[in-house]
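Worksheet for the structure shown next.
Every number in this text was worked out from the coordinates using simple rules, so none of it is lab data. Remember, predicted model here, so these are calculated numbers, not experimental data. Counting neighbours? That spans all protein chains shown, and the Cβs are built from the backbone with ideal geometry, glycine included.
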Amino acid sequence: MNLRWTALLLLPTCALAQVKIDTPRGGWRNSAGAQEQTTQEVHYPAVSISMQPGQSETAQIRGKIAGVPKEQEGKPGKPATLIVNGSAMPLAVGEDGAFERPYGFGSGSNSVEVRSPDGKQRARTQFVDGYTGKTQARLRVLLSWDSNGTDLDLHVVTPDGGHAWYGNRVLKDGSAIDVDVTTGYGPEIFSSAAPPKGQYFVYVNYYGSGADTSALTVAQVTIVTNENTAREKRQSFMVPMRAQGELTLVKSFILP
């Protein structure tokens, strides 16, 4: 046998993570009549994002990453990466490699990609929701951050005086923050189907970080207007958060 090929055969092989997305499924669908919930209950002192009982498959992201490195010396493993319609955010993965979270997709074309923690493996699905009667988020604000065991909070102040935050997640006009994540990474997502015109303020509050209240964590805020339309606009901001109690104005903007 050729010595070169013999050497290659003797090299140890490293198992690569295998990424699988169970839902959403690719293709065309009609979500009419589906039980889709945009907010979930919050349980203190800590909560992670989980699927609610009875949640429709048309409003969830679920799958598994096989071969993810286990936690070592008490340190949690790195998160995977979730990319929805171009917005990237960390994705917490369970010890068995499973991930799941609700997501309020809009009508039209949507894409979901999940990358393994090392970024070497990925899975992607794309689908079109043809249900024209579906409520579309004209404004979406996404908050995620890069460290586990930390609690950042999204605050959105609307032109009519509304203030969406973990203590008041649903506003009178139906705008809402989907969940308050206290265990790290997020995302926390504010969505509004009929946002009032005027000036908005987006804040991030560093609520805490376990026993270490001075751990640096970097927040990412993405603001999306008119998603899935020809007028879609997307802006992302990276903000270092340094200490418990810090409240930072990330962006003020005007919806015409």
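Could you give the spread of the C-alpha atoms of segment 100-256 along their three principal axes, from largest to smallest, in whole angstroms?
48, 44, 22
For a footprinting-style exposure proxy, rank Val141, Val128 by other Cβ within 10 Å, fewest first.
Val128, Val141
What net charge do the residues around Val221 carry, taking every other residue with its C-beta under 13 Å from that of Val221, with Lys and Arg at +1 and Asp and Glu at -1?
0
Test of understanding: ordering Asp160, Asp129 by Cβ neighbours within 10 Å, fewest first, what list do you get?
Least crowded to most crowded, the residues run Asp160, Asp129.
Gain in length, Leu255 to Ala34, computed as 0.36 nm per residue apart minus the alpha-carbon separation, to one decimal in nm?
Taking Leu255 through Ala34 to full extension adds about 76.5 nm, to one decimal.
Quick check on the exposure proxy: order Met51, Met241, Met89 from fewest to most C-beta atoms within 10 angstrom.
Met51, Met89, Met241
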